[in-house]
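**Q** Quick one: structure below, then a few questions.
Rule-based calculations on the coordinates, nothing more; no lab input. Because the structure is a prediction, the values reported are computed rather than measured. Here the Cβ is made from the backbone with ideal geometry for all residues, glycine too, and neighbour counts use every protein chain on show.
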Amino acid sequence: MATLVRYNRIPTFFNPFYGRPVIDRYHNTSPNVPAVNVKEVETAFQLELAAPGLKKEDLKINVENNTLTIAYKPEAKADETGPKFTRHEFGFNAFERSFRLPKTVNADEIKASYTDGILTVELPKIEVKEEKVVKEIAIA
């Protein structure tokens, strides 16, 4: 059975903090990456990413080389006229989550929606036709 898994460019055996997020130069991952739920139903995989407080226009989703990537990069604001904070804890860090797609996902029909802080990505399944190779081999 094919499943969606988190894709890291560094194999787990290189990660000295097994079980913790991998931090590498290719991804801006940290312990603050959004949580993801992946469900499999009969006709599709459903991916839900918790991203409260963001705008749907700021989230980027793409598929390349059978890898689904969801990314957020906040705009750099140079707002000098705003209030000066004594303590400023609100804010959103850039993140990127990547998932390797199984061969049963139809990448052309992927749909996404953002409601109440949850990004839902619908990954429809397709039938993978297994070709039976029947060939007679001549004996030399």
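**Q** Would you pull out the residues with amide H under 5 Å of Val105's amide H, same chain only if 5 or more places away, H placed 1.01 Å from N?
**A** It is Ile126, by chain and number.
**Q** Work out the FRET efficiency for Lys132 and Lys103 from their Cβ-Cβ distance, taking R0 = 22 Å, and round it to the nearest 0.05.
**A** For R0 = 22 Å, the calculated efficiency reads 0.80.
**Q** Further question: Amide H of Ala51 versus every other amide H placed in the peptide plane: which residues, excluding those fewer than 5 positions away on the same chain, fall under 5 Å?
**A** Sorted by chain and number, the residues that satisfy this are Ile118, Leu119.
**Q** While we're looking at this one, here's another question. For a protection proxy built on the mean count of beta-carbon atoms within 10 angstrom, sort 96-109, 34-47, 123-136, 54-67 highest first, please.
**A** Top of the packing list down: 96-109, 34-47, 54-67, 123-136.
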